[in-house]
Amino acid sequence: MLSKKVIENVLYAALSTGGDFAEIFVEDRYNTNIRMVGGYIENSLSGRDYGVGIRVFDGLNSAYGYTNDSSEENLIKVAKEVALAAKSKKEDIVLNMMKADINNIHTIKIIPNTVEKRRKVELLKRGYESAKNYDPLITQVTANYFDEEQNVLIANSEGLIVEDRRIRTRFSVQSVASKDGEMQVGFYGPGAFMGFEFFDAIDVAEVGKEASRIAKTMIMADYCPSGVMPVVIHNEFGGVLFHEACGHSLEATSVAKGNSVFSGKLGQQIASPVVTAIDDGTLPNEWGSLNVDDEGTPTQRNVLIENGILKSYLVDKLNGRRMGMKSTGSGRRQSYKFAPTSRMNNTFIANGNSTFEEIISNTERGLFAKKLGGGSVNPATGDFNFAVMEGYLIENGKITKPVRGATLIGTGAKVLENIDMVGNNQSFGQGMCGSLSGSVPTNVGQPTIRVKALTVGGRKGDE
């Protein structure tokens, strides 16, 4: 992507005015997005994005610039501009550029851009028709196909040169059910670090049915009662609550600046003893996995919380300097247009000892949040607000009628303390996570868990 000689010259230029670390990130990305609405293709975009980002550290300060002109002359110009923040000329620069081989843990069988677009459209039609024909109450369906191939080269003044190839594929369906002037939405969107063979592992018709099942179930449901009650949160995308309410507060992006509720708490009990939480970027073919992060550091399994004790943060290079800690392989970015920072990969609560049936039967009365939707969180305080996409009442230890309009309100730290049962049925859900370095693919996950007391927003008087 760039010759070794060009890389060396650019890094020399980046360090020539006083910086003590320089990095080059080269990206060549191909992607396809096809969207079907109302049975017709609304958008069909295929494109290539190529560019180079250059970063310089001067102690605890950093500067970043990027360009889509990869000529040596321009890259040296950009490198010098980025380096202007440095205060004094650095002498005796020595670069030992040894190319590193990566351990590729992801088997890719069919490169998506070798597959005709016609076959991708056929998948959309199958998913769409399955969702639309599910029930007359389904009034609108949107189906999305996505694939990308991202080739990166990362080099830095510590002597690293590494190249990586990342291929991801995803299929999603959103269904809208309407009744008596009201609407409810269902969504399902599996994805993986896989090629087109991903569609041998999933049935797009079942994806469509699941989205419509949720929408129909909720449009027929009564409104959820409000109040403080036990909440059982199901597996798979239920893990988004931990991801948002706690995971972001464990990223060095906020921890290093003291802007996290968990800053300075390593070794302390921050959660119930039944909670162990992990971020693992090494899981083969998982949506949030990487061979190396976007700073060239191999990803790893990071135990964040073990039996309730805070064990680790998610750390990138720059914030690692600020914290006196090594990178945990957590430096990520959306593209070459963003400087990397600490981000999650595959973040999940580990399996516990309870069965799903035990958790439900031991809950006299409460809410079963089977699917969670969108939400918001303040990393500094951990305050969150989440919509429940699919919910049910629990009465006398049994799941009874569906309820809609529920929201979960609380703080991440309090939720961690109030988890009193953890199931043994862990699974993952896929999403896109936005933060300072843009939007990146992340897995969320957990087994079924019970929070013994959580504020549920609904309708007063419906109890």
Which members of the stretch 383-407 meet the condition of being within 19 Å of F356 (Cβ to Cβ), in contact with a Ser or Thr (Cβ under 8 Å, 6 or more places away or on another chain) and not β-branched (V, I, T)? E390, Y392, L393, G397, K398, P402
Within the stretch 433-441, does at least one residue satisfy the condition of being over 30 Å from F338 (Cα atoms), out of contact with any helix residue (DSSP H, G or I) (no Cβ under 7 Å at 6 or more places or on another chain) and either at pLDDT 95 or above or charged (D, E, K, R) (or both)? no
Filter the stretch 345-393 for residues that are closer than 30 Å to R166 by Cβ and aliphatic (A, V, I, L, M); which is surrounded by the most Cβ atoms within 10 Å (Cβ to Cβ)? I349
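So that you can scan it fast, the table gives a plain yes or no per residue for (1) surrounded by 23 or more Cβ atoms within 10 Å (Cβ to Cβ); (2) small (G, A, S); (3) out of contact with any helix residue (DSSP H, G or I) (no Cβ under 9 Å at 6 or more places or on another chain); (4) within 22 Å of A369 (Cβ to Cβ):
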site	(1), (2), (3), (4)
H234	yes, no, no, yes
H248	yes, no, no, yes
S263	no, yes, no, no
Q300	no, no, yes, no
L304	yes, no, no, no
K311	no, no, yes, no
Checking G296 against (1) in a helix (DSSP H, G or I); (2) surrounded by 24 or more Cβ atoms within 10 Å (Cβ to Cβ); (3) of a type outside the set (A, V, I, L, M, F, W, C): exactly one of these is not met. Which one? (1)
Is there a residue in the stretch 317-330 that is without any contact (Cβ under 8 Å) to a residue 60 or more places away in the chain, over 20 Å from E244 (Cβ atoms), buried (at least 20 other Cβ atoms within 10 Å of the Cβ) and not basic (K, R)? yes
I'd like the full set of residues that are within 20 Å of K370 (Cα to Cα) and either in a strand (DSSP E or B) or out of contact with any Ser or Thr (no Cβ under 8 Å at 6 or more places or on another chain) (or both), limited to the stretch 449-462. I449, R450, V451, K452, A453, L454, T455, V456, G457, R459
Just a yes or no: is a residue in the stretch 405-419 closer than 21 Å to I214 by Cα, in contact with a strand residue (DSSP E or B) (Cβ under 9 Å, 6 or more places away or on another chain) and hydrophobic (A, V, I, L, M, F, W, C)? yes
Restricting the search to the stretch 397-414, which residues are at pLDDT 95 or above, touching a helix residue (DSSP H, G or I) at 6+ places or on another chain (Cβ under 8 Å) and surrounded by 23 or more Cβ atoms within 10 Å (Cβ to Cβ)? L408
For the stretch 370-386, what are the residues that are of a type outside the set (S, T, N, Q) and either modelled with pLDDT of 95 or more or more than 16 Å from R459 (Cα to Cα) (or both)? K370, K371, L372, G373, G374, G375, V377, P379, A380, G382, D383, F384
Checked against (1) closer than 27 Å to S172 by Cα; (2) assigned to a helix (DSSP H, G or I), M194 satisfies every condition except (2)
If we ask which residues in the stretch 323-376 are more than 22 Å from the chain's Cα centre (by Cα) and closer than 29 Å to I409 by Cβ, their number turns out to be 17
Against the definition (touching a His at 6+ places or on another chain (Cβ under 7 Å), among the hydroxyl-bearing types (S, T, Y), under 20 Å from S439 (Cα atoms) and surrounded by 23 or more Cβ atoms within 10 Å (Cβ to Cβ)), how does T341 come out, yes or no? no
Quick check on my filter: what residues within the stretch 202-249 are in a helix (DSSP H, G or I), modelled with pLDDT of 95 or more, in contact with a strand residue (DSSP E or B) (Cβ under 6 Å, 6 or more places away or on another chain) and among the aliphatic types (A, V, I, L, M)? V204, V207, A211, I214, A215, M218, I219
State whether the residues of the stretch 121-128 include one that is assigned to a strand (DSSP E or B) and buried (at least 19 other Cβ atoms within 10 Å of the Cβ). no
Within the stretch 271-285, the residues that are surrounded by fewer than 24 Cβ atoms within 10 Å (Cβ to Cβ) and either touching a residue at least 40 places away in the same chain (Cβ under 8 Å) or not in a loop (DSSP other than H, G, I, E, B) (or both) are S272, V274, T276, I278, D280, T282, L283, P284, N285
Of D92, D58, the only residue that is modelled with pLDDT under 95, more than 22 Å from R168 (Cβ to Cβ) and crowded, with 19+ Cβ neighbours inside 10 Å is D58
Pull up the stretch 1-34, narrow it to residues that are surrounded by fewer than 17 Cβ atoms within 10 Å (Cβ to Cβ) and closer than 30 Å to K120 by Cβ, then point me to the one that is farthest from the chain's Cα centre (by Cα). M1
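The values are calculated or read from the model by the stated rules, or taken from the named source; none is laboratory data. Treat the numbers as computed from the prediction; the structure is a model and nothing was measured. Cβ coordinates were reconstructed from backbone atoms using ideal geometry, including for glycine residues, and neighbour counts include every protein chain displayed.
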